[in-house]
Amino acid sequence: MAKRGRSVERSATYTASPNIALVKYWGMRDVALGLPWNSSLSVTLAGIATTTTVRFVPGQTLDTLVLNHRPATGPPLEAVRRFLDRVRGAAELREGADVASFNNFPTASGLASSASGFAALAGAASAAAGLRPSPRDLSRLARFGSGSATRSIFGGFVEWRAGVRVDGKDSYARPLFAEEHWPELVDLVCLLRNAPEKAVRSAEAMQGSVATSPRFAARQAAVPSRLRRMVRAIRDRDAGALFPLVMEECDDFRAVCETTIPSLDYLTPVSRAVLAEVRAANDERGATIAAYTHDAGAHVHVFTLREHAPMLQRRLRRIAGVDQVRSLRPGSGGHMVRGPAR
Ligand code: DP6
């Protein structure tokens, strides 16, 4: 890979969107390399994004981080530093960097800011360092910041292949279907009022599940066929096939969390009311017209088709404790942008 000239200041800006997993990544087979036990599948979301500028400054030894216009310290800065050290290692660079990152959505809103955040940092830092990684290499790099960031490099429907190699070379994301593939599909994101903030990073919490959940092994056995069936349903734009699988997977993930010792309980009574409303809407129709899913947090994503979205949105908005229901669509993958993050 080409190395950059020494004394020239280099900066680059990259933008990436969060994704929501339909098949969850939950458990690492190698913690140091961030390698997952199972492959996962997600939809990259349109309309929300993290934009990050990285500037390596000649003569500067430390890294700085500005997050949403405010200087950041502590764990967020440490995580960025560790990530930049990896990029510096690959580019044989020594300079410290100024990093500015901006989310056009609330950072702790449960909209997976670590996925878009580390995808954007990977893109900006590697370009600023003069590296020219392929999108696949970028997805390999992003996972060292956050596993879910691996998938935000690509748009539309994305698979992160777990791989089997001990060096992790075959663990990367790949786009399966473009963002335009299924125009009728909508994600109604239910943002809860007063949702508790995540106490423990998922990367840590999931290893508790690997070590203690009696359901972890059964989940591993079930995921590959579930993922294959989901890919077929997405290929065929078959909501009647996809939606039950999305809920089955979410329930399986939640069962693993809840049987972890100590138990991981991410939902609130309001989240559970959203799940119940989706089940009720499906029962009333006598067909699966909507599917809920959630990550390691209290907010709930409800997938449906455009024709049912207004009715569902009205029902979900009426639930006490639901602050907003945002309608999001599949969106594009990460890309370079001109000018600094604002
Ligand atoms: C439940 O890789 O996002 O969202 O950055 O440590 O929070 P942290 O972990 P991350 O964990 C993802 C867990 C998940 C499922 C998924 O997105 O596949």
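Just a few scattered comments:
- Qualifying residue in region 97-110 (condition: surrounded by fewer than 24 Cβ atoms within 10 Å (Cβ to Cβ), in contact with a helix residue (DSSP H, G or I) (Cβ under 7 Å, 6 or more places away or on another chain) and within 29 Å of Asp187 (Cβ to Cβ)): yes
- Residue pairs meeting the criteria (Cβ under 6 Å; at least 6 apart or on separate chains; first among the charged types (D, E, K, R), in region 180-209; second surrounded by 13 or more Cβ atoms within 10 Å (Cβ to Cβ) and assigned to a strand (DSSP E or B)): Glu184/Leu305; Asp187/His301; Asp187/Phe303; Asp187/Leu328; Arg193/Asp323
- Phe154 satisfies every condition listed in (1) crowded, with 19+ Cβ neighbours inside 10 Å; (2) more than 15 Å from the ligand (Cβ to nearest atom); (3) not in a strand (DSSP E or B) except (2).
- For Glu179, the conditions (1) within 22 Å of Thr53 (Cβ to Cβ); (2) in contact with a strand residue (DSSP E or B) (Cβ under 7 Å, 6 or more places away or on another chain) all hold with the exception of (1).
- Candidate set: region 167-179, residues that are of a type in the set (Gly, Ala, Ser) and away from the ligand (no atom under 14 Å from the Cβ); chosen: the one most open to solvent (accessible area, probe 1.4 Å): Ala178
- Some residue of region 267-284 being of a type outside the set (A, V, I, L, M) and under 21 Å from Ala115 (Cα atoms): no
- Condition met for Pro214 (open to solvent by 50 Å² or more (accessible area, probe 1.4 Å) and either within 16 Å of the ligand (Cβ to nearest atom) or of a type in the set (Phe, Trp, Tyr) (or both)): no
One line per residue, one yes/no per condition, for (1) near the ligand (Cβ under 10 Å from one of its atoms); (2) not in a helix (DSSP H, G or I):
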site: Leu121; (1), (2): no, no
site: Pro133; (1), (2): no, yes
site: Phe144; (1), (2): no, yes
site: Arg165; (1), (2): no, yes
site: His181; (1), (2): no, yes
site: Asp187; (1), (2): no, yes
site: Cys190; (1), (2): no, yes
site: Glu197; (1), (2): no, yes
site: Met206; (1), (2): yes, no
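- Considering region 8-48, the residues that are away from the ligand (no atom under 16 Å from the Cβ) and touching a residue at least 60 places away in the same chain (Cβ under 8 Å) include one that is surrounded by the most Cβ atoms within 10 Å (Cβ to Cβ), namely Tyr14.
- Within region 277-308, if we keep just the residues that are under 27 Å from Ser148 (Cα atoms) and assigned to a helix (DSSP H, G or I), the residue that is most open to solvent (accessible area, probe 1.4 Å) turns out to be Arg306.
- Subset of region 259-276 [part of a helix (DSSP H, G or I) and touching a residue at least 12 places away in the same chain (Cβ under 8 Å)]: Pro269, Val270, Ser271, Ala273, Val274, Leu275
- Subset tally (residues that are over 15 Å from Glu197 (Cα atoms) and either of a type in the set (S, T, N, Q) or touching a Ser or Thr at 6+ places or on another chain (Cβ under 6 Å) (or both)) for region 249-275: 6
- Flag for Leu227 being more than 16 Å from the ligand (Cβ to nearest atom), open to solvent by less than 50 Å² (accessible area, probe 1.4 Å) and of a type outside the set (Phe, Trp, Tyr): no
- Checking the stated criteria, Asp236 turns out to be charged (D, E, K, R) and either more than 23 Å from the chain's Cα centre (by Cα) or assigned by TED's automatic domain parsing to the domain that holds Pro36 (or both).
The values are calculated or read from the model by the stated rules, or taken from the named source; none is laboratory data. Nothing here was measured: the structure is a model prediction, and the numbers come from that model. Ideal geometry is used to build each Cβ from the backbone, glycine not excepted, and the neighbour counts take in all protein chains shown. When the accessible area is computed, the model is the full protein with side chains, heavy atoms only, and any ligands, DNA or RNA have been set aside. Shrake-Rupley method; radii C 1.70, N 1.55, O 1.52, S 1.80 Å.
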